[in-house]
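Submitted below is the structure of interest, expressed as structure tokens.
The values are calculated or read from the model by the stated rules, or taken from the named source; none is laboratory data. Quantities reported herein were computed from a predicted structural model and do not represent experimental measurements. Cβ atoms come from the backbone with ideal geometry, glycine included; neighbour counts cover every protein chain shown.
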Amino acid sequence: MWIDYDKEADVLYISFNRPQKATDSDMSPDGILHRYRDGKLVGISILDASKRH
């Protein structure tokens, strides 16, 4: 698992395997971007990460 935080953008990136480009994604209503590659969830991006509990 790889975790990276972009302080300027306030986004937390979590990749379940080595970081890789997604081929598809969808955004949940609570601001979490689910990233997929070939139909498999490869990571998530959490927007406004510092404001979450």
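Give me the pairs: first residue in segment 1-25 and of a type in the set (D, E, K, R), second residue in a loop (DSSP other than H, G, I, E, B) and at pLDDT 95 or above, beta-carbon distance under 9 Å, and six or more apart or on different chains, which are they?
These pairs meet every condition: Asp10/Asp48.
Something else now. For segment 5-53, enumerate the residues that are modelled with pLDDT under 95, acidic (Asp, Glu) and at negative phi.
Once the filter is applied, which keeps residues that are modelled with pLDDT under 95, acidic (Asp, Glu) and at negative phi, segment 5-53 yields only Asp30.
Go through segment 6-53 and count every residue that is assigned to a loop (DSSP other than H, G, I, E, B), of a type in the set (S, T, N, Q) and touching a Leu at 6+ places or on another chain (Cβ under 8 Å).
0
Scan (1) loosely packed, with under 12 Cβ neighbours inside 10 Å; (2) hydroxyl-bearing (Ser, Thr, Tyr); (3) farther than 16 Å from Asp4 by Cβ for the single condition Ser50 breaks and write down its number.
(3)
Turning to a different aspect of this structure: Residues of segment 24-41 being more than 11 Å from Leu12 (Cα to Cα) and under 9 Å from the mean Cα position of the chain (by Cα), which ones?
His34, Arg35
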